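A.B. asks: The structure's right below; bear with me while I get my questions together.
The values are calculated or read from the model by the stated rules, or taken from the named source; none is laboratory data. Here the structure is a predicted model, which means the values were calculated and not measured. A quick note on method: Cβ atoms are made from the backbone with ideal geometry, for glycine too, and the neighbour counts reach across all protein chains shown.
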Amino acid sequence: MANAEIQRSKPRPLSPHLQVYSPLINMVMSIVHRITGGALYFGTLLLAWWLIAAATGPAYFDFVTGIMGSPLGLLVLFGYSWALLHHMMGGIRHLIWDTGRGFDLATVDMLSWGSLILSAGLTVLLWIVGLIMKGGA
């Protein structure tokens, strides 16, 4: 009992937390991968809403398409497409790691920066191709 009293009076050591670590690119990409995974849930609800509107009838489909075609709607769709592509690139990065390859620091950094750059580039390319096919560019 006396031993327990002594242990309670000593201050407990603090574990290092986020204030101690400098944010590394693989750490940031891990966090962003989780955030984009959560964002995909909400974006998929929008996709389901659009498909339900298409099955409901032309009037409701035009209403939903009008919302999705507004500047705010296009911004949300752009963010959804980036989240989808970024999450996919993060999944490919993790698939490479699952094979037991790419754990040296240079490769980890390269894969992390590559997933960020590729997701941004592919999103812009996807939207350019979409606008060209639509006839808007």
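A.B. asks: Got at least one residue in segment 96-109 being among the aromatic types (F, W, Y) and in a helix (DSSP H, G or I)?
C.D. replies: Going through segment 96-109, the residues among the aromatic types (F, W, Y) turn out to be 97, 103.
From what's left, in a helix (DSSP H, G or I): 97.
The answer is yes, given that some residue of segment 96-109 is among the aromatic types (F, W, Y) and in a helix (DSSP H, G or I).
A.B. asks: Something else: In this structure, does S115 turn out to be touching a Leu at 6+ places or on another chain (Cβ under 8 Å) and either assigned to a helix (DSSP H, G or I) or surrounded by fewer than 13 Cβ atoms within 10 Å (Cβ to Cβ) (or both)?
C.D. replies: On the way: touching a Leu at 6+ places or on another chain (Cβ under 8 Å): no; either assigned to a helix (DSSP H, G or I) or surrounded by fewer than 13 Cβ atoms within 10 Å (Cβ to Cβ) (or both): yes.
No, not satisfied.
A.B. asks: Another question, if that's okay. Being among the small types (G, A, S) and surrounded by fewer than 11 Cβ atoms within 10 Å (Cβ to Cβ) narrows it down to one residue among A120, A55; which is it? Steps first, please.
C.D. replies: Numbers: A120 fails: surrounded by fewer than 11 Cβ atoms within 10 Å (Cβ to Cβ).
Checking each option against the conditions leaves just A55.
A.B. asks: Find the residue count for segment 1-44, including only residues that are within 30 Å of H86 (Cα to Cα), surrounded by fewer than 10 Cβ atoms within 10 Å (Cβ to Cβ) and either of a type in the set (D, E) or at pLDDT 95 or above (or both).
C.D. replies: Within segment 1-44, the first condition is being within 30 Å of H86 (Cα to Cα), and the residues that meet it are 16-44.
This time we only want the ones that are surrounded by fewer than 10 Cβ atoms within 10 Å (Cβ to Cβ), so: 16-23, 41.
Adding the requirement that they be either of a type in the set (D, E) or at pLDDT 95 or above (or both) leaves 41.
Selection size over segment 1-44: 1.
A.B. asks: If you check every pair at least six apart or on different chains, which have Cβ atoms under 8 Å apart with a residue in segment 50-61 that is part of a helix (DSSP H, G or I) first and a residue that is among the β-branched types (V, I, T) second?
C.D. replies: Once the first residue is part of a helix (DSSP H, G or I) and sits in segment 50-61, its partners that are among the β-branched types (V, I, T) give W50/V64; W50/T65; A53/V64; A53/T65.
A.B. asks: Check G91 against each of (1) touching a Leu at 6+ places or on another chain (Cβ under 9 Å); (2) farther than 19 Å from K134 by Cβ and name the one condition it does not meet.
C.D. replies: Of the numbered conditions (1) touching a Leu at 6+ places or on another chain (Cβ under 9 Å); (2) farther than 19 Å from K134 by Cβ, the odd one out for G91 is (1).
A.B. asks: Take G90 and tell me if it is in contact with a Ser or Thr (Cβ under 7 Å, 6 or more places away or on another chain), part of a helix (DSSP H, G or I) and of a type outside the set (V, I, T). Write out each step before concluding.
C.D. replies: Values: in contact with a Ser or Thr (Cβ under 7 Å, 6 or more places away or on another chain): yes; part of a helix (DSSP H, G or I): yes; of a type outside the set (V, I, T): yes.
Answer is yes for this residue.
A.B. asks: Would you pick out the residues in segment 123-137 that are among the aliphatic types (A, V, I, L, M) and either in contact (Cβ under 8 Å) with a residue 60 or more places away in the chain or surrounded by 15 or more Cβ atoms within 10 Å (Cβ to Cβ) (or both)? Before the answer, list the steps.
C.D. replies: Taking segment 123-137 first, the residues among the aliphatic types (A, V, I, L, M) are 124-126, 128-129, 131-133, 137.
Once the filter is applied, which keeps residues that are among the aliphatic types (A, V, I, L, M) and either in contact (Cβ under 8 Å) with a residue 60 or more places away in the chain or surrounded by 15 or more Cβ atoms within 10 Å (Cβ to Cβ) (or both), segment 123-137 yields only L126.
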